[in-house]
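J.: Please read through the structure below; I'll follow up with questions.
Each reported figure results from applying straightforward, stated rules to the coordinates on display, with no laboratory input. What you see is a predicted model, and the numbers here were worked out from it, not measured in a lab. Cβ: placed from backbone, ideal geometry, glycine included. Neighbour counts: every protein chain shown.
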Amino acid sequence: MKKIPALLVMVSMILACSPRMLYPKLDWLIPWYVDDYISLDRSQSSHVSSQLARQLDWHCRTQLPEYAEFLRSIRRDVDSSNQPLTMKRLEVYNARITRYWYALLKRIGPDIIDILVSASDDQIAELFDNLERKNREMEIELTEQPSQKITRNRQKRMQKRLSFWFSNLTAPQKQAVAEWSVQLNPIASDRIAHRRKVQVAAKSLLEHRNKSVEFEAEFLDLLTNTSKLRTENYQQKIEINTERTLSLLVHVTNTLTPEQKTHFSNRLQSLVADLDQLSCDPALKVDQAGINLDSYTAFQK
């Protein structure tokens, strides 16, 4: 998923609901949705709010301009290239998205650790109880349904994502998605087992939590390198499924109709405009026509 995957991962998760509506509420910058997993007292809530404000400022100053430029580069490729999309090109986009994700994790990791270090034993117990509740919800949805229903839901999700970018899919494109949905290796059980494995490791570390540099480094390494705990079989499934998904995206992208290409280009341009408007980069603001800096400053306050 490179040209499109990059977008599906970054934009569908973070931006697809309209950045201007979503960005002021980006509590995902403090992962695990703290309020959903731990009951914070007033002092902790105030601290989390302060952390979030600081991270939002960093994110809109340093990351959003990069996201916008990234989407511009994709749009230039879409509008100017007559060459078929290749797996190699998709991998370039995917690598860039991965870099953005790990930059975010490394940036907010110390804040996550700070929250957890200050938590009481009861709060830590509540955290892992809620994480296990989430694991069970995932099991029910992803592993305890009839296999045909799981495959059908996977197909519907992919069609919805592709339609967001390209408008209505053609019959051959829908058929390609249907074939992809049955070719993927079942991976939900492995994913949930991996989540539990990571959570056990985190719980073990938190039993000896402290404010030392050594503890922070060890927990940050776990947070940013959970892939090291994957089993060989799980990793192989990920790689096979990734290759099959990339093949689907190459096929769909290379069969776009002129109308779909126009829709894709317009969608990218709209997202770029939203990101530009949300960015706190002064240089970018000066270059933007029709953007009211005073109103944006008021929004930040």
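J.: Please work out the Cα center distance from the range 133-179 to the range 62-116, rounded to the nearest Å.
T.: Distance between centres, Cα-based: 24 Å.
J.: Where Lys and Arg each count +1 and Asp and Glu each count -1, what net charge lies around Val182 among other residues with Cβ under 12 Å from its Cβ?
T.: Values: positive: Arg152, Arg154, Arg244; negative: Glu179.
Summing Lys and Arg as +1 and Asp and Glu as -1 gives +2.
J.: Let me ask another. Which entries in the list Lys156/Lys197; Lys88/Lys160; Lys106/Lys134; Lys134/Lys203 go over 22 Å, if you measure between the two C-alpha atoms of each? If you can, show how the numbers build up before the last one.
T.: Working: Lys156/Lys197 30 Å; Lys88/Lys160 25 Å; Lys106/Lys134 24 Å; Lys134/Lys203 16 Å.
Result: Lys156/Lys197; Lys88/Lys160; Lys106/Lys134 exceed 22 Å.
J.: Could you give the nm distance between label points at Leu229 and Asn135, where each point is 7 Å from its Cα heading toward the beta carbon?
T.: Taking the simple label geometry, Leu229 and Asn135 are separated by 0.9 nm.
J.: Which of rounded, prolate or oblate describes the range 235-279 when judged by the alpha-carbon gyration tensor and an a/c cut-off of 1.5?
T.: Oblate, since a/c reaches 1.5 and b/c is not below a/b.
J.: If the chain between Arg152 and Ile240 were fully stretched, how many nm would it gain, using 0.36 nm times the residue separation less the Cα-Cα distance?
T.: Values: separation 88, 0.36 × 88 = 31.68 nm, distance 1.99 nm.
Full extension of this stretch gives 29.7 nm more.
J.: Okay, moving on. Take the Cβ-Cβ distance between Ser204 and Ser163 as r, set R0 to 30 Å, and report the resulting FRET efficiency rounded to the nearest 0.05.
T.: After rounding to 0.05, the efficiency reads 0.10.
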